[in-house]
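The values are calculated or read from the model by the stated rules, or taken from the named source; none is laboratory data. Please read these numbers as outputs of a predicted model, since none were measured by experiment. When we count neighbours, we look across all protein chains shown, and the Cβ atoms used for this are built from the backbone with ideal geometry, even at glycine. Please note that ligands, DNA and RNA were not included when accessible areas were found on the heavy atoms of the full protein model with its side chains. Shrake-Rupley method; radii C 1.70, N 1.55, O 1.52, S 1.80 Å.
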Amino acid sequence: MKKEVINGPGLAQPSAPVSLAVRAGGFVYTCGQMPTDPHTGEPVEGTIEDKARATLENIRLVLESAGGRLADVVKVMVYTTDLKYMPDFNKVYREYFPSDYPARSGVQVVRLADDLEFEVEAIAYIGDR
């Protein structure tokens, strides 16, 4: 199986030694996306909903750079520093995934990079596109 590294032209590159996404076979695996500006990598300010929207928008942009779209997502993993954020996160999540929800896991972690509230990764099936 061929593996293709996706680093999304025009998107902020991670400072850690990771790729924004990897395509393997018909699947795209994103690295964890956070509430950061996609062009500068700087944290987004605002409400939890603003930060959730920025995070999910980053997932969308990375998937598009790999030839996919949100409708292709089959699994989402959500890491949060406090489960109290999840009701607001879920409101925004429904904007990005209005039906036929992907399978999803969510866990509370002690800390994320830059003391951000979320990190979200996704797996999408795009087939031969």
- Item | the range 1-86 - convex hull of alpha carbons, volume per residue in Å³ | 106
- List Phe27, Phe97, ordered by accessible area with a 1.4 Å probe, largest first: Phe27, Phe97
- Helix 48-65 versus the longest principal axis of the chain: what angle, 0 to 90°, nearest 10, using Cα atoms? 10
- Query: Which value at 222 nm does the chain reach when only helices count, each DSSP H run of 4 or more adding -39,500 (n - 2.57), with the total divided by all residues and rounded to the nearest 500 deg cm²/dmol?
  - Reply: -7500 deg cm²/dmol
- Taking the Cβ of Ala12 as the centre, find all other residues whose Cβ is under 11 Å away and add up their charges (Lys, Arg: +1; Asp, Glu: -1). -2
- Antiparallel DSSP beta bridges within the chain, percent to nearest 5: 75
- Sequence of Lys91, Lys2 from largest to smallest accessible area, 1.4 Å probe: Lys2, Lys91
- Note on the structure: Among Val110, Val74, Val92, the residue with the largest mean-square fluctuation in a Gaussian network model of the chain built from Cα contacts under 10 Å is Val110
- With DNA, RNA and ligands ignored, accessible area of Tyr101 (1.4 Å probe; Å², nearest 10): 130
